[in-house]
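Peer 1: Can you keep this structure in mind? I'll have questions shortly.
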Amino acid sequence: MTPYEEMKPGDRVVFTRKTDQGKMVVEILGARHYKNVAEMLDAEGQDNCMSYDAPRDKAITSYDQLRGYTEGIKQYGIWAIEVKPIM
């Protein structure tokens, strides 16, 4: 597994679906680090970080509800990874 800080434009990542082992290959367009979710939403735009429309406070709460995210983000920050499907 490549650490996020080593990702660079042009790298490829393969995502594998657990249920049927289906694969999707993407090209990294950019990887940006933020101190917290609010900073990421401000810089990247909430529409680019959420899969549904929600008020800002609910968007932040949504990330906090993901198991391990709250403590992990406090310790390591959060990454926005911009990708383009290639397969």
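Since every read-out is calculated from the coordinates, none of them should be taken as a lab result. Model, not experiment: these values are computed from the prediction. Here Cβ is always computed from backbone atoms with ideal geometry, including for glycine, and neighbour counts include all displayed protein chains.
Peer 1: Check each of the chymotrypsin sites (Phe, Trp or Tyr not before Pro) in the range 32-82 and keep only those in coil by DSSP with at most 14 other C-beta atoms within 10 angstrom; list them in order.
Peer 2: 52
Peer 1: Given a cut-off of under 8 Å on Cα pairs at least six residues apart, what relative contact order in percent is computed for the chain?
Peer 2: After rounding, I find 39 percent.
Peer 1: Further question: At 222 nm, what helix-only mean residue ellipticity would the chain give, in deg cm²/dmol to the nearest 500, using -39500 (n - 2.57) for each DSSP H run of four or more?
Peer 2: -8500 deg cm²/dmol
Peer 1: Quick check on my link table: of 8/35; 8/58; 23/84; 35/58, which ones sit more than 23 Å apart, alpha carbon to alpha carbon?
Peer 2: 8/58
Peer 1: Okay, moving on. Once phi is turned into ³J(HN,Hα) by the Karplus curve 6.51 cos²θ - 1.76 cosθ + 1.60 with θ = phi - 60°, what whole-Hz value does each residue of the range 19-35 show in order, with x for glycine and proline?
Peer 2: Working through the residues one at a time gives 5, 9, 6, x, 10, 9, 9, 10, 9, 6, 9, x, 9, 10, 9, 10, 6 Hz.
Peer 1: Tell me the net charge near residue 79. Cut-off is 14 Å between Cβ atoms, residue 79 excluded, with +1 for each Lys or Arg and -1 for each Asp or Glu.
Peer 2: -3
Peer 1: Enumerate the residues in the range 1-36 having an amide nitrogen under 19 Å from the point lying 7 Å beyond the Cα of residue 48 toward its Cβ.
Peer 2: 4-13, 26-36
Peer 1: Scan the chain for trypsin sites (Lys or Arg not before Pro) in coil per DSSP, keeping those whose Cβ has at most 15 other Cβ atoms within 10 Å, and list them by number.
Peer 2: Qualifying residues, ordered by number: 17, 18, 35, 67.
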